[in-house]
Amino acid sequence: MLRRTTIFLSVLLVSLSAANAQTKLSTRWEELTAADFRQGVQQSKATCLLPFGILEKHGPHLPLGTDLLNVRYAALHAADQEYAVVFPEYYFGQIFEAKHEPGTVAYSSELQLKMLQETTDEMARNGCKKIIIVNGHGGNESLIPYFAQSLLNKPHDYVVYAVMGERSREGGPGKKSTGIDYHAGENETSNTMVSHPDLVHLERARQESGADQKRQNLPDFVYTGIWWYARFPDHYSGDGSVATKELGQWNMDGWIASIVESIRAVKNDDVSLKLQNEFYEKSKHPLETKP
Ligand SMILES: [Zn+2]
């Protein structure tokens, strides 16, 4: 009897753990079966992440895909804490300013917008009615809000949210570098030491200078497309050689927490889509809308 109970219990445990393995859904779109995808979208309350990276030079010591690798690391860790379906690798952004460097992939502006439009349309057609674009690349900071705003042009049955946020924050381990730290410098190198330590070549970080070359003489409020090249022609801004894993962990924890907070807020947001629909309806007959 005792033996039979033991056998029964172990069978029960095995089937319970199998059931557990089945219910623990991957957050990665490409890893889900079609049936599990349906369940994933339900579990995420129609909230999906689109981590947005790029392929461009990152100083003499970081990989071309730094932004893509780091934004995916942060987004996937956030989705582990607050479930959301995460779209596969996406790097079709704005990066004309690095076309003179090896390994840059710079799609035309038309294609950037078309890819983004068709990607969010396809995500929404598959049930992702709340799409959070998580930006990992500074050169996308005009593109993404412009895209989000252009969705007002005609009706869409989904909302695009954008987490543009900073990847560094106040407090934490003291920084060793004092100057500007925009690209492949202390912060970004530290972050990559956390996400992909094997791809950081710290010993090469001083082979080039990440100093601001200040080659333009214009007031701050005058913009030119060549500003980045004028200041940082080698796609290096800051000093990556002083990076530490501790600073990277601090930055990454903050970034992940802000994505988790965004996913939770978006899941609870029942206002944006209603307002969009109201807006689309009114925009069909502007003369009849009340003042
Ligand atoms: Zn970067």
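Tabulated data for the structure shown
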{"quantity": "Candidates Thr66, Thr47, Thr27, filtered to the one that is of a type in the set (Ser, Thr, Tyr), crowded, with 18+ Cβ neighbours inside 10 Å and in contact with a His (Cβ under 6 Å, 6 or more places away or on another chain)", "calculated": "Thr66"}
{"quantity": "Enumeration of residues in the range 117-142 that are more than 15 Å from the ligand (Cβ to nearest atom), at negative phi and out of contact with any strand residue (DSSP E or B) (no Cβ under 8 Å at 6 or more places or on another chain)", "calculated": "Gln117, Glu118, Asp121, Glu122, Arg125, Asn126, Ser142"}
{"quantity": "Selection status of Tyr90, of a type in the set (Phe, Trp, Tyr), within 16 Å of the ligand (Cβ to nearest atom), closer than 15 Å to Leu49 by Cβ and buried (at least 19 other Cβ atoms within 10 Å of the Cβ)", "calculated": "yes"}
{"quantity": "Residue among Val159, Val134, Val163 that is touching a residue at least 12 places away in the same chain (Cβ under 8 Å), in contact with a Lys or Arg (Cβ under 6 Å, 6 or more places away or on another chain) and among the β-branched types (Val, Ile, Thr)", "calculated": "Val159"}
{"quantity": "Subset of the range 247-277 (residues that are part of a loop (DSSP other than H, G, I, E, B) and without any contact (Cβ under 8 Å) to a residue 40 or more places away in the chain)", "calculated": "Asp270, Val271"}
{"quantity": "Residue list for the range 192-236, filter: within 16 Å of the ligand (Cβ to nearest atom) and at positive phi", "calculated": "His235"}
{"quantity": "Members of the range 45-82 that are without any contact (Cβ under 8 Å) to a residue 60 or more places away in the chain and away from the ligand (no atom under 15 Å from the Cβ)", "calculated": "Leu76, Asp80"}
{"quantity": "Qualifying position, being modelled with pLDDT under 95, farther than 30 Å from Asn277 by Cβ and either surrounded by 21 or more Cβ atoms within 10 Å (Cβ to Cβ) or out of contact with any Leu (no Cβ under 9 Å at 6 or more places or on another chain) (or both), among Asp234, Asp220", "calculated": "Asp220"}
{"quantity": "Qualifying residue in the range 252-271 (condition: under 28 Å from Phe96 (Cβ atoms) and not hydroxyl-bearing (Ser, Thr, Tyr))", "calculated": "yes"}
{"quantity": "Residue in the range 166-191 that is modelled with the lowest pLDDT, counting only those that are within 14 Å of the ligand (Cβ to nearest atom), surrounded by 13 or more Cβ atoms within 10 Å (Cβ to Cβ) and within 20 Å of Val260 (Cα to Cα)", "calculated": "Arg167"}
{"quantity": "Subset of the range 64-83 (residues that are out of contact with any Gly (no Cβ under 9 Å at 6 or more places or on another chain) and not aromatic (Phe, Trp, Tyr))", "calculated": "Leu76, His77, Ala78, Ala79, Asp80, Gln81, Glu82"}
{"quantity": "Count of the range 70-87 residues which are out of contact with any Asp or Glu (no Cβ under 8 Å at 6 or more places or on another chain) and crowded, with 20+ Cβ neighbours inside 10 Å", "calculated": "10"}
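The values are calculated or read from the model by the stated rules, or taken from the named source; none is laboratory data. Just so you know, these numbers come straight off a predicted model, no measurement behind them. Methodologically, a virtual Cβ is constructed for each residue, glycine included, from the backbone with ideal geometry; neighbour enumeration extends over all protein chains shown.
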